[in-house]
Amino acid sequence: MPRRSIWKGSFVDAFSSKMRSKRENISSRKIRSRRSPILPESVDCFVQIYNGKTPARCKITEGKVGHKSGEFASARKRKPPRTYIGPGRKGKR
């Protein structure tokens with residue numbers, strides 16, 4: 001995958017940059033942009049990342065800085081493993 005040019009800098013959504021300046025309202029942070037990276041200013045904060053249906057609550061730690069915010073809110077529904085399939089229809093056609 002081609003990287004972004006260095007002179008452009010990293011991509012940050014406009015809403016995320018506004019949220020960075022308003023530090024006092026920490027409890028109601030909702031992130032709708034799953035493609036923007038997590039900034040170091042939001043470490044030790046709880047945010048709600050939108051996964052396409054409902055916002056998922058996530059705590060930002062130092063290890064998550066630099067990753068995309070969509071990596072921590074799964075957008076797909078988990079399917080349970082099929083351990084027991086049953087007797088089947090063997091020989092009845």
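The values are calculated or read from the model by the stated rules, or taken from the named source; none is laboratory data. All values reported here derive from a predicted model rather than from experimental measurement. Every residue, glycine among them, receives a Cβ derived from its backbone with ideal geometry; neighbour counts consider all protein chains shown. Heavy atoms of the whole protein, side chains included, go into the accessibility calculation; ligands, DNA and RNA do not. Shrake-Rupley method; radii C 1.70, N 1.55, O 1.52, S 1.80 Å.
Counting just the residues of the range 1-45 that are open to solvent by less than 90 Å² (accessible area, probe 1.4 Å), modelled with pLDDT of 80 or more and not in a loop (DSSP other than H, G, I, E, B), which one comes out nearest to SER74 (Cα to Cα)?
Step by step, filter the range 1-45, then rank; the result is ILE31.
Quickly run through the range 64-87 and pick out the residues that are among the small types (Gly, Ala, Ser) and open to solvent by 60 Å² or more (accessible area, probe 1.4 Å).
SER74, ALA75, listed by residue number.
Could you list, ordered by first residue, the pairs with Cβ atoms under 8 Å in which the first is in the range 48-69 and part of a loop (DSSP other than H, G, I, E, B) and the second is open to solvent by 70 Å² or more (accessible area, probe 1.4 Å) and of a type outside the set (Ser, Thr, Tyr), at least 6 apart or interchain?
ASN51/ARG34; ILE60/ASP44; ILE60/PHE46; THR61/ASP44; VAL65/PRO40
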